[in-house]
Amino acid sequence: MPQNDKALQSFLIESDENLAQLEQDIVALEREPEDAERVASAFRAIHTIKGTCGFFGFSHLESLTHLMEDILGAMRDGQVQMNLDTAAALLEGVDEIRVFLKRIDSDGSDGEAAPQNLMDRLQSLVPEKADTQ
């Protein structure tokens, strides 16, 4: 059990660091939306948080980070452009991730799902995937 507590604390610390980087990247991308290095950095940060959520079974936090990863992946692939609406939605997602991390730190659970209006807003930014069948 103590080993899991250490792993959880490491997750919280690493996620906080990744969120700080993600937030810096989003703000920088508002000024320079074509900065591929910043997009890649933002994608790596959210990808790391998402992957570790799965390890701990934080399904609600994983759902939120998955949507944000989809947006940043589409941005990396040139399907989505950074603009004020995209930046605002991603920053709102960052704020919500912080709420999740505080909850996890206090009781070890990711609690309830992110607000539906945020999830809908993020989902609206994810490009439709072409049907390959």
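The values are calculated or read from the model by the stated rules, or taken from the named source; none is laboratory data. The model shown is predicted, which means the values in this text are computed figures rather than measured ones. When we count neighbours, we look across all protein chains shown, and the Cβ atoms used for this are built from the backbone with ideal geometry, even at glycine. Remember, those area values only see protein heavy atoms, side chains included, never the ligands or the DNA or RNA. Shrake-Rupley method; radii C 1.70, N 1.55, O 1.52, S 1.80 Å.
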With Glu69 itself left out, Lys, Arg at +1 and Asp, Glu at -1 over residues whose Cβ is under 15 Å from its Cβ give -1
Helix 84-107 axis, angle to the chain major axis (alpha carbon atoms, nearest 10°):
10
Expressed in angstrom, Rg and Dmax over the Cα atoms of the chain are 14.8, 48
Within region 28-56: backbone nitrogen closer than 17 Å to the Leu84 label point (7 Å, Cα to C-beta)
28-33
Given axes a ≥ b ≥ c from the Cα gyration tensor, I'd like to know whether region 68-108 is rounded (a/c under 1.5), prolate (a/b larger than b/c) or oblate.
oblate
Measure of exposure for Asp5: accessible area at 1.4 Å probe, Å² rounded to 10, is 90
Find how many whole Å separate the alpha carbon centroid of region 65-133 from the alpha carbon centroid of region 19-52.
12
Counting only protein heavy atoms and using a 1.4 Å probe, what share of the accessible area of the chain belongs to carbon plus sulfur, as a whole percent?
48
Please enumerate, by chain and number, the lysines with C-alpha under 22 Å from the C-alpha of Lys6, excluding those fewer than 8 residues away in the same chain.
Lys50, Lys102
Could you report the accessible area of Leu122 in Å², rounded to 10, computed with a 1.4 Å probe on the protein chains as they sit in the structure?
0
Could you check the simple spin-label distance between Arg98 and Ala20, using points 7 Å along Cα→Cβ, in nm with one decimal?
1.3
What's the local net charge at Glu32, with K and R +1, D and E -1, over the other residues with C-beta under 12 Å away?
-3
Kirkwood hydrodynamic radius over Cα pairs of region 83-133, then Stokes diffusion coefficient at 20 °C and 1.002 mPa s, in µm²/s:
170
How many Å² of accessible area per residue for region 18-61, probe 1.4 Å?
50
